[in-house]
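The values are calculated or read from the model by the stated rules, or taken from the named source; none is laboratory data. What you see is a predicted model; the values in this text were computed from it and never measured. With ideal geometry, Cβ positions are generated from the backbone for all residues, glycine too; neighbour counts draw on all protein chains shown. Accessible surface areas use protein heavy atoms only, side chains included; no ligands, DNA or RNA. Shrake-Rupley method; radii C 1.70, N 1.55, O 1.52, S 1.80 Å.
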Amino acid sequence: QYADYQRFRGFSEATIKRRNTTLGSFSRFLAPLPLGQATATLVTDFLTRWRSPRTRHAYRSDLSSFYLWARRRELVTADPMVLVDPVRVPRALPRPIPAEAVPMIVATAQDDTTRLACALAAYAGLRRSEIAALDMVNVGPRSLVVRAGKGGKDRTVPLHPALRALLEGRRGPLFDVEGEALGRRIKAHLEACGYAGTAHQLRHTFGTELSRCTGGDLVTVGALMGHSSTTTTLGYAALGGDRGAGAVSHMFDMAV
């Protein structure tokens, strides 16, 4: 029922799958108690199993959405999340793979799937799930369209010349594996190249390079990366933009 409700609301299948995974994990933690008998203390105990504040924040958000839905429909007698305080997530700067290493990383991939996946992450900023879902029907001569990205949103990304060359002549769906499998391939290849990184860090490279080339234009960077909040985009501007350096260098020019 909850999955059907989310589809009715227009949530992406990736979001529905993630929330289902969270509920399954929490259900196993509660066993033999059912979900309807969860308490704030049990939820907190469940969340503290993860050291990362970001992970705890994501799991708390998933459980809050579920219990709000269930309480409104009187499927549970109480919402335990009301007494579970929000998790503060420190804002971390992106961790890009060095931009100068990208051509080597793409060129030395051992297979075509890994090569194209790395290029789409680094030259177009696609997430691994977006890479896996890409079809040539959504690729034009100058840009590609990401369909139903994070949050179910579409966006258009201009094609970098290096990526355009790799896509030329292709037809139909580009990959026959899921995003997680592509992520593992990219991670293994990056390690072979001497970088302890992930597909998402290649996406960080795209964001920081885009910010550098636009002078820290938050609107452009956020739009091309599919961000829902400028707060997320600010990190890329901090690394890639030079407005701050220029401003600081001219501070006190008028001081007497």
Check MET251 against each of (1) open to solvent by less than 60 Å² (accessible area, probe 1.4 Å); (2) modelled with pLDDT under 85; (3) of a type in the set (A, V, I, L, M) and name the one condition it does not meet. (1)
Criterion first (open to solvent by 50 Å² or more (accessible area, probe 1.4 Å) and either closer than 14 Å to ARG128 by Cα or touching a Phe, Trp or Tyr at 6+ places or on another chain (Cβ under 9 Å) (or both)) does GLU178 satisfy it? yes
Only one of these is over 23 Å from ARG91 (Cα atoms), in contact with a strand residue (DSSP E or B) (Cβ under 9 Å, 6 or more places away or on another chain) and modelled with pLDDT of 90 or more: LEU174, LEU190, LEU166, LEU182. Name it. LEU174
One residue from LEU210, LEU182, LEU218, LEU167 being under 21 Å from THR15 (Cα atoms) and out of contact with any His (no Cβ under 8 Å at 6 or more places or on another chain): LEU182
Is it the case that VAL145 is surrounded by 14 or more Cβ atoms within 10 Å (Cβ to Cβ), over 20 Å from the mean Cα position of the chain (by Cα) and more than 17 Å from GLY194 (Cα to Cα)? no
If you go through segment 13-31 one residue at a time, do you hit one that is part of a loop (DSSP other than H, G, I, E, B), closer than 22 Å to GLU180 by Cβ, touching a residue at least 12 places away in the same chain (Cβ under 8 Å) and open to solvent by less than 50 Å² (accessible area, probe 1.4 Å)? no
Scan segment 88-127 residue by residue and report those that are surrounded by fewer than 18 Cβ atoms within 10 Å (Cβ to Cβ) and outside any helix (DSSP H, G or I). ARG88, VAL89, PRO90, ARG91, ALA92, LEU93, ARG95, PRO98, THR108, GLN110, ASP111
